[in-house]
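To start, the structure itself, in structure tokens.
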Amino acid sequence: MAELRQDPISGRWVILAPDRALRPHAEQVPLAFPVDADDPFAEGREAETPGELLAVREPGTLPDQPGWRVRVFPNKYPATTTTPITMPANGPFTVGAAAVGPHEVIVESPRFVRCLSELSVTAVEEVVWVYRERLRTHRRLRSAPYVMVFKNQGPASGATLAHAHAQLLGTPWIPPGMEAEYTQVARYFAETGRSLFDDWLQSERQARVRVVSDAAGYVVLCPYASRVSGETWIVPTNGPSRFEECDDFDLARFARVLRQTLQRLQQLIPMLPYNFAIHSAPYEREVPGYRWHLELIPRVGNIGGFEWGGGSYVNALPPEAAAAQLQAMPITG
Ligand SMILES: [Zn+2]
């Protein structure tokens, strides 16, 4: 039986239709990139990328030279521009300005790995430290009203290179999906004086049917109104509204939980392609009750014409089943 579910944080509706999982080849996993794929993100090929903006390096090594562990540079093929220009309005096609904002690539390992879960805990700590540093830098520079760190992993996710990397994109507007969350959370706070995240997490922790793990200050869960099979969120039990406001302790614990969660997903479906995005409050606006979190969506062929055409989702795998499967997966610490 198909069921309608609404996500409390975004207000988004989803159709949960378990019968659709019975379709032939319903959950076919796309192929990963070939192992011998060209790897311009590898250590030693720094000259092939734009000059670095930040790197975690061995002492004594020089920028744009080998010796780095995490390396950030501007995207060679940016979706945005860093040069403000005024563009004329043209009838209904109102264009006030160029799409100004940073677009950066964060290469997460000097050697070839496909997924962060293949790195050590210390290496993942350095990666999330870099996410935080770049978000802090753009806040200080006032580069854009909203800057998002996200990841495309695998050919089905929109990634064009296999080597593990994240991206950071700043936009001159606040993305509508984020606005929807801020509206819900702010309204709840105005009505109750409480954080929607607190109340929502409390009920999920009591029910324990969608929780994958709950330790070290983070709840990992498959949300009630999961858009796709295996959608997984990492939510701090008591975190700041913005990711860049995490302290070092929060960050180290987050690195461990993120790595474990990716391990579980990759154990369940090896080479799983996925997207994740860090959701955070905007730089210059307070959203009472809001809390940063990470949303991960496996890309196993669930986004079709209805989803694309209407912006609503039909999901075949109940999040309760997905959570149970993920919980059963072994992790290496
Ligand atoms: Zn969110």
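The values are calculated or read from the model by the stated rules, or taken from the named source; none is laboratory data. As the structure is a prediction and not an experimental result, all values here were calculated from the model. Positions of Cβ are backbone-derived with ideal geometry, glycine not excepted, and every protein chain shown enters the neighbour counts. Just the protein is used for accessible areas: all its heavy atoms, side chains included, with ligands, DNA and RNA removed. Shrake-Rupley method; radii C 1.70, N 1.55, O 1.52, S 1.80 Å.
Quick notes on this one:
- Ranked by how many other beta carbons lie within 10 Å on average, peptides 306-317, 270-281 from highest: 270-281, 306-317
- Taking the helices alone, the chain has a mean residue ellipticity at 222 nm of -8500 deg cm²/dmol, built from -39,500 (n - 2.57) per DSSP H run of at least 4 residues and averaged over all its residues.
- Projecting the Cα atoms of PHE189, CYS222, PRO240 onto the dipole axis of the range 180-316, where Lys and Arg carry +1 and Asp and Glu carry -1 at the beta carbon, places CYS222 farthest toward the positive end.
- Taking 0.36 nm per residue of separation and subtracting the Cα-Cα distance, full extension of the segment from ASP214 to VAL113 would add 33.6 nm.
- Among the protein heavy atoms, those of TYR224 account for about 80 Å² of accessible surface (1.4 Å probe, every chain in place).
- Ordering of 242-254, 122-134 by burial proxy (mean other Cβ atoms within 10 Å per residue, highest first): 122-134, 242-254
- Carbon/sulfur fraction of accessible area - the range 191-294, other protein chains in place, 1.4 Å, %: 47 percent
- At a probe radius of 1.4 angstrom, the accessible area of the chain per residue rounds to 46 square angstrom.
- Here the simple spin-label model places points 7 Å from the Cα toward Cβ, and for ALA180 and ILE15 these points are separated by 1.6 nm.
- Computing FRET efficiency as 1/(1 + (r/R0)^6) for ALA37 and THR237, where r is the C-beta to C-beta distance and R0 is 41 Å, gives about 0.55.
- Dipole magnitude of the chain about its Cα centre (Cβ charges: Lys, Arg +1; Asp, Glu -1), debye to nearest 20: 260 debye
- One Cα centroid belongs to the range 115-152, the other to the range 47-74; the line between them spans 15 Å.
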